[in-house]
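The values are calculated or read from the model by the stated rules, or taken from the named source; none is laboratory data. Predicted, not measured: the structure shown is a model, and the values here were computed from it. Backbone-built Cβ (ideal geometry, glycine too); neighbour counts: all protein chains shown. Ligands, DNA and RNA are excluded from the accessible area calculation, which covers all protein heavy atoms including side chains. Shrake-Rupley method; radii C 1.70, N 1.55, O 1.52, S 1.80 Å.
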Amino acid sequence: MLALETVPVMLAVGLLAGVIAGIFGVGGGTILVPLVLWVLQMQGVEQFAYAQHTAVGTSFAVMVFTSFSSAYAQHNKDAVDWQVLKSMIPGVLLGVAAGALVSRYLPNKGLQVFFVLFVTVIAVRSLAGVKSVPTRQLPKSGPLFGAGSLIGILSSWIGIGGGSLTVPFLTFCNVPVHRAIGTSSALGWPIALAGAAGYWYAGSGMAGLPAGSAGFIYLPAVAVLAAATLAGAPLGVRISHRLPAARLKQGFGILLLLIALRMTWKIVQAG
C-alpha cells in the first residue's frame with residue numbers, strides 16, 4: 001500500500017507531468033522517475049538494489065496511459081504523421097526492448113553525461129532560433145527505422161518517453177513543430193509499451209522488490225499516477241495548439257535545459 005500522505009503529491013505532480021507531456025510531446029519521465037524514487041523513499045525501500053530500475057520501469061508503465069491519451073488528442077487535431085510512424089515504430093520497439101533487457105548490466109554515468117551534452121546543444125539551438133537547412137527533408141524508411149532504433153535504445157536506458165529526442169529529430173528534418181510534437185506523442189506510446197514490458201520481464205523473479213511490484217514496475221504508483229496524467233495530457237494538447245510555433249520551440253528549449261540540469265545534478269550527487 002502507498003503511504004497516504006504521498007497520494008495528494010502524486011496526483012498533483014502526475015497532473016503536471018500529463019500537461020507537460022501534452023504540450024511538448026514528451027512522456028513525462030523526467031518528472032515521473034524522481035517522483036517514483038521519492039515514493040519508494042516514503043515506503044522505506046529507496047535503498048534497495050534496483051530502486052532506479054523500478055523508478056524507470058514504473059515511469060514507462062505510467063507513460064503507456066499518458067502517451068495514449070496525448071496521441072489520441074493529437075490525432076483529433078490532425079497533428080500526427082502516420083507514415084513517419086510506420087517507418088519508426090518497428091525500430092523503436094526493437095531498440096527499447098533490447099535496451100531494457102541489458103539495462104541491468106550498464107553503468108549509467110557515461111551515458112548520462114553524453115545525454116546532458118546532447119540535450120543542451122539541442123536546447124541552445126531551440127532557444128537561439130537556429131533553423132535547419134531549408135532543403136533538408138525526412139529520410140526514407142530505412143534511415144527512419146535506424147533513427148527509431150537509436151531513440152528507443154536511449155529512451156530505455158535513460159527512462160524517457162523519447163519526445164526529447166524525437167521532436168528535435170523531426171524539426172531538424174523541417175517537420176513543422178506542432179506536427180513534430182503530435183507525431184512524437186504518438187511514437188511515445190510504443191516506446192512506453194515496449195519499455196514497460198521490458199522492465200517487467202527484466203525484473204521478473206528478482207528478490208527484494210517492494211510489495212505490489214510486477215518486475216521493475218511498482219503497481220500502486222502506476223494506478224495513482226496514470227489517473228492524474230490521463231487528466232492532464234488532453235489539457236496540455238489543447239494548450240500546445242494555441243501557442244505559436246516560435247513560442248512552442250522556445251518552451252521546448254527551456255524544457256530540455258531543465259532536463260539537462262536535473263540530470264547534471266543527479267550525476268554530481270552520485271559523485
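If Ala214 meets every condition in (1) in contact (Cβ under 8 Å) with a residue 24 or more places away in the chain; (2) more than 14 Å from the chain's Cα centre (by Cα); (3) open to solvent by less than 50 Å² (accessible area, probe 1.4 Å) apart from one, which number is that one?
Ala214 satisfies every listed condition except (1).
Between a residue in region 97-124 that is open to solvent by 40 Å² or more (accessible area, probe 1.4 Å) and any residue that is of a type in the set (Phe, Trp, Tyr) and modelled with pLDDT of 75 or more, which pairs come within a Cβ distance under 8 Å, given they are 6 or more apart or on different chains?
Every condition considered, the pairs that remain are Leu101/Tyr201; Arg104/Tyr50.
Looking at Val237 and the list (1) open to solvent by 40 Å² or more (accessible area, probe 1.4 Å); (2) in contact with a helix residue (DSSP H, G or I) (Cβ under 8 Å, 6 or more places away or on another chain), which single condition is not satisfied?
Single failed check for Val237: (1).
Failed condition for Ile254, given (1) outside any helix (DSSP H, G or I); (2) surrounded by fewer than 16 Cβ atoms within 10 Å (Cβ to Cβ), with all others met?
Among (1) outside any helix (DSSP H, G or I); (2) surrounded by fewer than 16 Cβ atoms within 10 Å (Cβ to Cβ), the lone unmet condition for Ile254 is (1).
Among the residues of region 196-211, which ones are open to solvent by 50 Å² or more (accessible area, probe 1.4 Å), of a type outside the set (Ser, Thr, Tyr) and assigned to a helix (DSSP H, G or I)?
Ala197, Trp200
Do we have Val96 as at pLDDT below 85 and under 22 Å from Ala228 (Cβ atoms) here?
Answer is no for this residue.
Take region 105-132 and flag every residue that is modelled with pLDDT of 70 or more and small (Gly, Ala, Ser).
Selection gives Ala123, Ser126, Ala128, Gly129.
Specify which of the listed residues (Leu230, Leu138, Leu193) is crowded, with 17+ Cβ neighbours inside 10 Å and touching a Cys at 6+ places or on another chain (Cβ under 9 Å).
On inspection, the qualifying residue turns out to be Leu138.
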